[in-house]
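Student: Dropping a structure here in structure tokens format, bear with me for questions.
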Amino acid sequence: MPHVLILVLTLSFLAGCATGPRYETAGVATDLVPAEVAASPGVYRDSRVIWGGMIVATRNLAEFTEMEVLGYPLEGSQRPATNRSPHGRFLVRKPGYLEEMDYAQGRHITVTGTLGENVDGRVGEAPYVYPVVQATELHLWPDARRAPAGQPRFHIGVGVIFGR
């Protein structure tokens, strides 16, 4: 009986360590990428997408927060696979205020929402067309760079790491 209790507690603990969101993909254009949307103005307006990537910049505006994101394909966990080739840049607009320090350059994000009108902008000196996602949900992935030095860490995944 004690073995069964230990097994149940262990499985409950592992289930509680889910690594991120699982957005519903029904009715979502999962094969659509930012570069394709940018090249086809208006064609994909109002399409639902789940995109992710690395935040390039965050700006708080009067009615929404806007993030420029370098898009990457998503892994099975819907985390951006930044070790793969990027799919182009896009803008995320979320009503209200988001703290720029939390949504800082280099952080990884997954967003679900509806495509709006493309926006003309610039990347450096080059003109660029940005698809715009009107965000309904955001997931900001934990930033490993922010972990305090010297603090013990406990991770469960493919491998197990205990402390240093």
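Student: Taking amide H atoms as placed 1.01 Å from N in the peptide plane, list the residues 5 or more away in sequence, or in a different chain, whose amide H sits under 5 Å from that of S47.
Tutor: Hits under the 5 Å cutoff: L115.
Student: Below 8 Å, C-alpha to C-alpha, sequence gap of six or more: please give me the relative contact order for region 21-145 in percent.
Tutor: Averaging sequence separation for qualifying contacts and normalising by length gives 27 percent for region 21-145.
Student: From the backbone phi of region 81-87, what are the Karplus-calculated ³J(HN,Hα) couplings (6.51 cos²θ - 1.76 cosθ + 1.60, θ = phi - 60°) in whole Hz, Gly and Pro given as x?
Tutor: 8, 6, 8, 9, 6, x, 9
Student: Got a sec? How would L74, L61, L115, L140 order by Cβ neighbour count within 10 Å, fewest to most?
Tutor: Ranked by crowding around the Cβ, least crowded first: L61, L140, L74, L115.
Student: Something else about it: Once the other residues with Cβ under 15 Å from the Cβ of P86 are scored (Lys, Arg +1; Asp, Glu -1), what is the net sum?
Tutor: 0
Student: Taking θ = phi - 60°, what integer Hz values does the Karplus form 6.51 cos²θ - 1.76 cosθ + 1.60 yield along region 42-52, in sequence order, with x for Gly and Pro?
Tutor: Listing the rounded values in order: x, 5, 9, 3, 6, 6, 8, 9, 10, 10, x Hz.
Student: Another one. Return the loop-located trypsin sites (Lys or Arg not before Pro) in region 42-140 (DSSP other than H, G, I, E, B) with at most 11 other Cβ atoms within 10 Å of their own Cβ; answer none if there are none.
Tutor: R84
Student: How much net charge surrounds T65 when only other residues with a Cβ under 12 Å from its Cβ are counted (Lys, Arg +1; Asp, Glu -1)?
Tutor: -3
Student: A further question on this structure: Once phi is turned into θ = phi - 60°, what whole-Hz ³J(HN,Hα) does the Karplus curve with 6.51, -1.76 and 1.60 give for every residue of region 64-75, x standing for Gly and Pro?
Tutor: 7, 9, 10, 10, 8, 10, 8, x, 10, x, 9, 6
Student: Sticking with this one: Using the C-alpha gyration tensor of region 21-145, what are the square roots of 5 times its eigenvalues, in whole angstrom, with the largest one first?
Tutor: With the √(5λ) rule applied to region 21-145, the semi-axes are 19, 18, 15 Å.
Every read-out reported here was derived from the displayed coordinates using simple, explicitly stated rules and does not represent laboratory data. Being a predicted model, the structure only gives us computed values, none of them experimental. In this analysis, Cβ positions are derived from the backbone assuming ideal geometry, glycine residues included, and neighbour counts consider all displayed protein chains.
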